[in-house]
Amino acid sequence: MKRTLSLALLIFAVAAAALGQDFRTVHPGVEHADVTHRAAGDTFRIHLLRLDLTRVRLDVKLGMDTIVGTETTSSIARRHGAVAAINAGFFRFDGSIFAGDPVGLLRVDGVTLSESVNSRVAMMIENTARETRVHFDRADVSILLTTRGQEFTVGINRERRDNDIVIYTPEFGRTTLTDRTGAEFLVSAGRVTGVFNPHGSSVIPAGGYVISASGDKLPELLRLLTRSTRVEMTVRHSSPTDVVPTTVFGRAEDITNGVSRLVTAGKIDLTWEAERAIRTFAENRHPRTAVAKLRDGRFLMITVDGRQPGVSEGMTLQELAEYVITLGAIDAINLDGGGSTTMYLDGKVVNTPSNNDAVERKVSDAVIVTLR
């Protein structure tokens, strides 16, 4: 009962403030609200960026411009001349040589750099001369390798596993970081230029890529991929829900990944179970980063600080969904949160990250805001 009452008070009080005078204009098309609310023993610190997408543009940018690199949200924003930014997709945060590898779909500047995982939700960005358009949907995006009439579904820019085929593009880094338990095929201008078996950690050719294969996938590729063999890499787009037409996936300039829809058509729509997230991720309070399309056509970026007793407790996904609806959201998704949750505005981080004594965490990618 206390939690229900607390949430009801939170929604009423924060929504009333955030929809009113608490937003201040910081640039044409960019408004910021800083809300602190205490009710029935619960404390929430929330930052909101309300954007007019005819006055600003959104882009997804990669940390250190490499898949296995990480960089703070503020540093990514500064490098690209952004007035604002939030952290974006989920990524490996395990201290390995693959740290920073996106855990889900990622596309930057029209190039797909990571395939989808568990049909998780994605944020798709189209920039036109007049406006930025944003779409949300669960995504099944796979990478296909075709040679001599045969087609293989492969991974891209991630750690190669047993019995696996992975393509490594220059955006991954200088080398494939693989061990010598497989073979690697160098590709330039659509043709195999080198076959190395066994081999690992091949240098990735500029303008080309490396095909790395292991285990039971290896014999057939060794038979098919000889020097000068033609190969083609393509991207296949689909969705288990078809909220967004497949053509939108294809033409989106940038895509980043999230876990769980929050709102669809103005109603709560939590998809974390279908996306195979764990229960504690959804039902415990954590710092959160989210994005929403508003009923009036504007766009909202949200951060909720957490893990700071007496200052801000964080939110469950249910609480977050209920909250963004009060702000006028008709569609919303949850992005990476926890210690990654960061909002940057005009040269500084405006929220309080929960990572290591409030030190800003290095992340895989960020959604940046630049003025048109």
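Quick notes on this one:
- Calculated diffusion of region 100-176, Stokes-Einstein form, Kirkwood radius summed over Cα pairs, 20 °C and 1.002 mPa s, µm²/s: 152
- Enclosed volume per residue, in Å³, of the convex hull spanned by Cα atoms of region 27-185: 180
- Cα long-axis angle, helix 2-18 against the chain (0 to 90 degrees, to the nearest 10): 90
- Candidate aspartates and glutamates - alpha carbon under 20 Å from residue 267, same-chain residues fewer than 8 apart omitted: 137, 242, 275, 283, 296, 319, 322, 331
- Looking at region 295-363, the pairs of alpha carbons with a distance over 16 Å make up 53% of the total.
- Under 23 Å from residue 61, Cα to Cα: lysines that are on another chain or at least 8 residues apart: 293, 348, 362
- Cα centroid of region 158-192 to Cα centroid of region 115-133, whole Å: 26
- Projected over all directions and averaged, the alpha-carbon convex hull of the chain occupies 18.3 nm².
- With the convex hull drawn around the C-alpha atoms of region 142-234, the volume per residue stands at 82 Å³.
- Among beta bridges that DSSP assigns inside region 142-234, antiparallel share in %, nearest 5: 95
- Crossing angle, helix 317-326 versus the chain [Cα axis fit, 0-90 degrees, rounded to tens]: 60
- Relative intensity, log₁₀ I(q)/I(0), of region 258-341 from a Debye sum that treats every alpha carbon as a point, q = 0.14 Å⁻¹: -0.41
- Sparsely packed GluC sites (Glu not before Pro) within region 140-175, loop by DSSP, other Cβ within 10 Å at most 10: none
- The Rg/Rh ratio of region 327-368, with both radii computed over alpha carbons and Rh defined as the Kirkwood radius, is 1.01.
- Relative contact order for the chain, counting Cα pairs under 8 Å that sit 6 or more residues apart, in percent: 24
- Our helix-only sum for the chain, with -39,500 (n - 2.57) per DSSP H run of n ≥ 4 divided by its residues, gives a mean residue ellipticity at 222 nm of -4000 deg cm²/dmol.
Every number in this text was worked out from the coordinates using simple rules, so none of it is lab data. In this text the structure is predicted, and so the values were computed from the model without any measurement. All Cβ positions, even for glycine, are placed from backbone atoms using ideal geometry, and neighbour counts span all protein chains on display.
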